[in-house]
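Just so it is clear, none of the values below were taken in a lab; they were calculated from the coordinates. Every value quoted in this text rests on a predicted model; they were computed, and no experiment measured them. Reconstructed Cβ throughout: ideal geometry from the backbone, glycine too, with neighbour counts over all protein chains shown.
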Amino acid sequence: MTRDSESGRDGLSGNVFHGPAPFQLGDRNVQINHIHQPAPQGRPLVLAGAAVTTREELAAAIRGDWAAARRQFFEGAATPGAPSDGWRGLLSWLHELDGLTADDLTAQIELVDHRLRDDGLPADLKLLHLLGWLDPEGEAVWRGTVVTAESLSEALRIGRLRESGPERELYRDLCEGGLLDALSAFTVLSALRGTQRAWDEVWDSWRRLAAKVPGLPPEAREWAESGARGLLLAALLPYSESRAWLRAGCERVTPPPAGEIEWYDWLRARGGDSDTPVGWLVRADFTAFAAAQAEQQRHQAAADRQHQRVMSALDSASALRDRQWADYESRRLSPTARMEAVVRAALWLGTWGAATIPLPWIIWGWARPDIATTLSWYLVALTLAAYAGLLPRVVRLGAAYRPPLRRLRAWSEQARTDRASVRRGLIRAGGVAGAVLILGVLVHDVGSIVTTVLLIPLLAAAFHFARIGAVHDWADEHRERLRDYTSKRPGSGGIPQGVARGVRSPSARVRADAYQAYMRQFMGLDHGGKDETDRENGRRDR
């Protein structure tokens, strides 16, 4: 300490401040003077329970317990804006340091006045600036983790692509700004000086360029406004590590041919052909976007061509089906086919009418042959009434009307295995027998004339039920075929949803399976096929 010769008060100790301007210490303005006498040992500063007296010791303590240093020096204020005890203690300790050169003092003034007193600077960044002044020859530590050229490169390579992790945290801190300047104070990272400003300028230039790119896909535009920032910094870093993975990244992607992706050609012509940060960005990230888009377009074009071929084949198959159906309908409704159907109906109903005539003779013939004769004519009349009612339907069905005239054995075999059909047949036979018995009683009691008059409603019922289809028309095969044709026509919505989706699938295997499934709908329509030929032969045999 020195004593003022006029006032008798003690002055500052031997830490010497050089420069024309006074230094602000609390509420005191300290004039920087040249003092040559040696100064006494400064008082220690306690951090995390350990006393430090030199710059190197404090730097080591900060590296060892970053969080404790941040809390003590920059986060311990009782009220916002008021200096904490830790901050005042640090400032006093810095002012009492001995052995500072003129450059150290100038850097200290810069540190205290423009870094540590800056309320807009985060506490971690203040602590990093302090560490860089205390021990610039030591390791650069950020939030307790050593920062090297390799870790910066990894943060840009990995952190910009991940959602979490230490690399992502360092990358996020780099993007917030100011970290590069603070790291450049360390000798091991001194090559970073000026990189922050260059990065900001390149980023602004890139964003202006990206805003003008015509037709840039949404995902690429989103990346241009956020994730691309990291690659620009990687291209600016003066270290071989970042250039190594940049080159590797560019080699892994193949740019699409010129003229295939319009926005990529535009961007490459304006920033992708030179060894600049924007050039690296275009050749790496945006070449990957363009290559993916080109591949997607090629797949889509191939899928569209395949879909067009499949749909053409389906249209041809559908047209063939329509022609086959028209041919079938033409043969079914031809005059000859309709005449044959009328004859088949007469033979079929005549057979059943003839089969019922013995019934009156069995019931009445042994006692009243006259009644049996009258009832036989009644049965003939009922058969004719049913034939008259069935005839319009037979004409409309044409060749589709196929009663089992020559398939009685097969029909009887089928009926024998169908117990419900047998029961229905027995009930009907019983009904016919009962009707014959009742009609015979009426003829015996009231006479044939009255009975004939009473028979008229029964004749009308036979005509009506035959007309509305209550009498079996033997056209089940035709109805099934008509249902199949109608439900599977392209315009009727008959294509299953799975098939409709399959023919539009990008997978060739799925499209092939869907095509086969659709083509199976047309099986059996070709009259030249074996199944249809056998069916036609069977019909002719009848």
Would you tally the net charge around LYS126, using a Cβ to Cβ cut-off of less than 11 Å, leaving LYS126 out, and scoring K and R as +1, D and E as -1?
-> -1
Once ALA123 and THR373 are pulled to full extension, the length gained, defined as 0.36 nm per residue separation minus their Cα-Cα distance, is 77.6 nm
Förster radius 30 Å - calculated FRET efficiency between ARG221 and ARG168, Cβ distance, rounded to 0.05 = 0.85
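Quick one: net charge around TRP280, please, counting Lys, Arg +1 and Asp, Glu -1 for every other residue with C-beta under 10 Å from its C-beta.
Local net charge: +1.
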Grab the other residues whose beta carbon is less than 12 angstrom from that of ASP476, score K and R as +1, D and E as -1, and report the net.
-> +1
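Compute the FRET efficiency between PHE465 and VAL343 as 1/(1 + (r/R0)^6), taking r as their Cβ-Cβ distance and R0 = 30 Å, and round to the nearest 0.05.
0.85
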Using a Förster distance of 25 Å, how high is the FRET efficiency between ASP113 and THR145, based on the Cβ-Cβ distance and rounded to 0.05?
-> 0.30
